[in-house]
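Taken together, the values in this text are just the output of simple stated rules run on the coordinates, not laboratory data. Keep in mind that this is a model prediction, so the values were computed, not measured. Cβ atoms come from the backbone with ideal geometry, glycine included; neighbour counts cover every protein chain shown.
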Amino acid sequence: MPEKYHIKTQPIPPRRPRVGKYGVVDWREDCARCHNCVKKACVYDRYREENDYISNLTEVDALYFDCRGCFSCVQDCTKGLLCLSVNPVYEGMGNSYWTPDIIKTTWLQAETAKIPVSGAGYGGPFAGTGFDAMWTDMSEIVRPTRDGIHGREYISTSVDIGRKPSFLVFEEGKPTGVFPPLLSLPMPLIIDMSPAQYSLPDLGPVIRQAAARTDLIAIVDPSDWPFQDADQEQYLPHMAFYLDSGTPEPPKEVLRKTRLVEIADDGKVLERIKKLKSMHPEIVVAVRIELNSQGPGRAIELAGLEEIEVIHIVADLNGNEIGAKNPRFIKDMIREIHTALIEEGARDDITLIAGGGIALPEHMAKVIICGADLVTIDLPLMIALECQLCDKCEPGMPCPAKLEDINHDYGAGRMTNLIAAWHDQLIELMGAMGIREARRLRGDVGRAMFFEDLEEETFGRLFGTRKKD
Amino acid sequence: MVQERKIEEILPANTLKTCVPQAEVAREVKPAPSRFRNEIGKYVVHRSSECIRCGKCAEVCPYGVHVFKPGYKYFASPKDHLCIGTACEKTDHYCVALCPKGALKVAENPMTEGLGDCRWTADMIMATWKMAQTGDVPAEEYGLQYQCGDSGGGFDRLRFKFPDKPPVELDEGQIDTSIELNKRNDGRPKIKIDVPWYGGGMSFGSVSNVTQLSKASAAVAWNTFTCTGEGGYMERMRPYDDHVITQVATGLFGVREETIQRVPIVEFKYAQGAKPGLGGHLLGDKNTVSVARMREAVLGISLFSPFPFHSVYSIEDHMKHIDWIKHVNKRALISTKVSTPTDVDMVAVGSYAAGTHIVHIDGGYGGTGAAPNIAKKNIAMPIEYAIDKVHGFLEAEGVRDNITLIASGGTRYRQGHRPRRRRRCCRHG
């Protein structure tokens, strides 16, 4: 059994005042100073924490919003002075896709590296659009268990990147022929380039460090080269240069230390692959394809070519088709590509990487179930640095979340924590499904349930097709 | 399958029941006011310093919102939760309009924004509080929209379509809500409960002994059952033995020969809807001295009952477990609690084949003491789909009438509970 993949983490507290959902407004002027003050009885000890917080306050407008919203103090205060309120700052964070709840849970994971756990049932909507319109399966009593959650058995989250031969030919008991290069990652996740507005000077080293600590790969712009970090030998295996159309290749000796390189789909893909392979025959080349209206078709077309090893399809930040008036969602586009490749008999030959709109660890699992081999993420790592997605990023203007002030250990630590928490949650889902290998999760839609299908099967025959909301 | 002998043939009559005198609880509604000083209502009433304490508001308000205690100089805090708010504007007893100094204001309570979620809406929670306090649904004028949640799917989109006039006039006494739990005709007791629900498993540790006893007491009053959850049950529960279900899960916490023998129903918990495929988890802070003693565990450490039963890899293994329980307790009915995977129908029919009396399917929105959020949201199908799937499959297999099907997870109100055409019984999760 290979060594168990483990990411070393440690708690990294936030730099900024916590933005919680609930706060308690306290009308202190009417306080009777009674001896049975409900504040002392807070089971979460929030009032003492608030006192500590206020006494160490560095910003005048930073209110304390870390209440759990249990209402016990509100209901028991002798004079009824306490009122619970929902924090308007919390509600104003993010947007309709990157909701405040997503931002908050990402912060928590980046701080603690732990899986968010809570009591009571799920309080969210019945179903939603996109990834919220599918559920993952679980294995029940009649199947063998493959549980690895409590350390009894090993669940592998490793995936392979590269072109795989459909069959082997043996001569005298030994496989013959040319084997295309193949690299393995311990987790189906690649760090993608940050959106353009996050052009922070310290971000490159932080991402490199996070990729190295998690033993993953980060796609980087070659303008980052040469790295200023001391240990290039350590970082280069965890880097994949993105070569846009016209971007010159990095020096040969640098490229030879990397394992993956990504190129733009600019019509000269095959020549570029040939050139890169001539510089470094062992490198795996991915082609980045934007998921616009032609994207899925182009991905299917390229996948049929013998020279193509890896296709990286990228939707917009919200997982939508780029530039479309009524955009399709990434999960549907992946299913379309995956299914078409199966029909062409080419699916097992190439690796499909998908990115865009992957905001939560369950999205990673769901994208893989829909047919991708692995995913890329960008924005969650920026949120890990306490970005609030305020959409006020302008050159020369101060960032409200002070992202320009991050230090190396903080940034790399928070990103590492987040990735570790995502890994653990992927294992939770896979453990429940009884799937022991992430490779086997790919395209296994039989182990998922889709809202539209269930609705039609259950209520369709009783009430007719569900009306669109 | 070997035909079992009737229970009376196996054991003398005096061993058929628990030896502890059983509690009797009358099924009567008594007011049970809130234990909190400040109840949360849909509206808030604010009295300003303009108040001259003339007492007009207390005089006109029929709901008792304004309290002026004799001998006191000032009004007590208004009982907001009794106020019907803006619905009062059209009446002749609207205190805000009648106050000679204009010292009163009524507004929607902003705190309700922070109460509940889209499953359990604030109105539903407040209405449930009122039902628990009074034994009746809240009066219409309170304007609480409690009939369904706001999740946008499942039970929250199903409505009853009542005819203008009932096709048959029925007295209340002619309506039978009872359910028979043993449909197998295997010689085991024909247990009948008076209402189509019983209390779901909540372990000692996840809840306190007071909660467990309250549930048991209510179960006796309604001639139904309460489930221990996986945490055993204390001696003080013995007088309720005839209405207790002992749960057996992988951790076997609180499972002993005598806790199996005491009760009329034993439940195998294979999975829990809130965390399907992940097993139970009692956080270390909840593992107090008494909980640790009950569970025979070390104080203060997190307790897992890991998923799944490692002694069950097939229906035959499941049958072996059931036979074991049936042998230890000759009068027990067996319930099998499972979650809702894609093949939940196969699981249900397999459980039937193994000899279970009750198949209990627990959907994804059921309660839990602690579960990973990712599991609660994403794993397994909602119960609304699973009920239909299981019922249809059991019917097609011709065994539907030989088994009791119980559904839980996301049932919040009677209309969600009300049996649809094919639903036999529900559980309060």
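Observations on the structure shown:
- Each Cα pair under 8 Å and six or more residues apart adds its separation to the average, and for segment B:177-428 the resulting relative contact order is 19 percent.
- Number of partner chain Cβ atoms within 10 Å, mean per residue of A:83-89: 3
- Farthest positive-ward along segment B:177-428 dipole, Cα basis, beta-carbon charges - from B:309, B:352, B:239: B:239
- Sequence of A:126, B:393 once ranked by neighbouring C-beta atoms within 10 Å, starting from the fewest: B:393, A:126
- Among the residues of A:123-131, the average count of other protein chain beta-carbon atoms within 10 Å of the residue beta-carbon is 6.
- Sequence-separation-based contact order of chain B, relative, with Cα cut under 8 Å and 6+ spacing, percent: 14
- Label-to-label distance, residue B:207 versus residue B:134, with points set 7 angstrom from Cα along the beta-carbon direction: 2.4 nm.
- Nearest-ten-degree value, helix A:269-279 long axis tilted from longest Cα axis of chain A: 80
- Each of B:404, B:368 has some number of other Cβ atoms within 10 Å of its Cβ, and from fewest to most they run B:404, B:368.
- Going from the residue with the fewest nearby Cβ atoms within 10 Å to the one with the most, A:387, B:99, A:393 rank A:393, B:99, A:387.
- Förster radius 35 Å - calculated FRET efficiency between residue A:78 and residue B:24 (Cβ-Cβ, nearest 0.05): 0.35
- Near-label residues of segment A:80-114 by backbone N, under 14 Å of a point 7 Å along Cα→Cβ of residue A:391: A:92-100
- Cross-link partners of residue B:377 among lysines (Cα-Cα below 22 Å; sequence separation of 8 or more within a chain): A:21, A:104, A:114, A:331, A:366, B:269, B:275, B:337, B:389
- Around residue B:98: net Lys/Arg minus Asp/Glu count, Cβ-Cβ under 10 Å: -1
- Test item: Cα-centred dipole of segment B:177-428, Lys/Arg +1 and Asp/Glu -1 on Cβ, debye: 680
- Helix-only arithmetic for chain A: the sum of -39500 (n - 2.57) across DSSP H runs with n ≥ 4, divided by the residue total, places the mean residue ellipticity at 222 nm at -8500 deg cm²/dmol.
- Expected-Rg normalisation [2.2 N^0.38 Å, Cα atoms] applied to segment B:276-429: 1.13
- Dipole of segment A:1-130, positive end: most advanced residue of A:23, A:85, A:7 [Cβ charges, Cα centre]: A:7
- Among residues other than residue B:377 with Cβ under 13 Å from its Cβ, the summed charge is -1 (Lys and Arg +1, Asp and Glu -1).
- Placing +1 on each Lys and Arg Cβ and -1 on each Asp and Glu Cβ, with no other charges, gives the protein assembly as shown a dipole about its Cα centre of roughly 3120 debye.
- Bridging of residue B:101 to lysines at a Cα separation below 30 Å is possible for A:79, B:42, B:56, B:69, B:73, B:79, B:90, once same-chain residues fewer than 8 apart are set aside.
- Annotation for residue B:75 and residue A:49: the two label points, set 7 Å from Cα along the Cα-Cβ direction, are 3.7 nm apart.
- Peptide A:448-456 - average C-beta neighbours from other chains (10 Å radius): 3
- Mean Cα-pair separation over length for segment A:22-86, i.e. relative contact order, pairs under 8 Å, 6 or more apart, %: 60
- Here the peptides A:161-173, B:349-361 are ranked by packing, the mean other Cβ count within 10 Å, and the order with the highest first is B:349-361, A:161-173.
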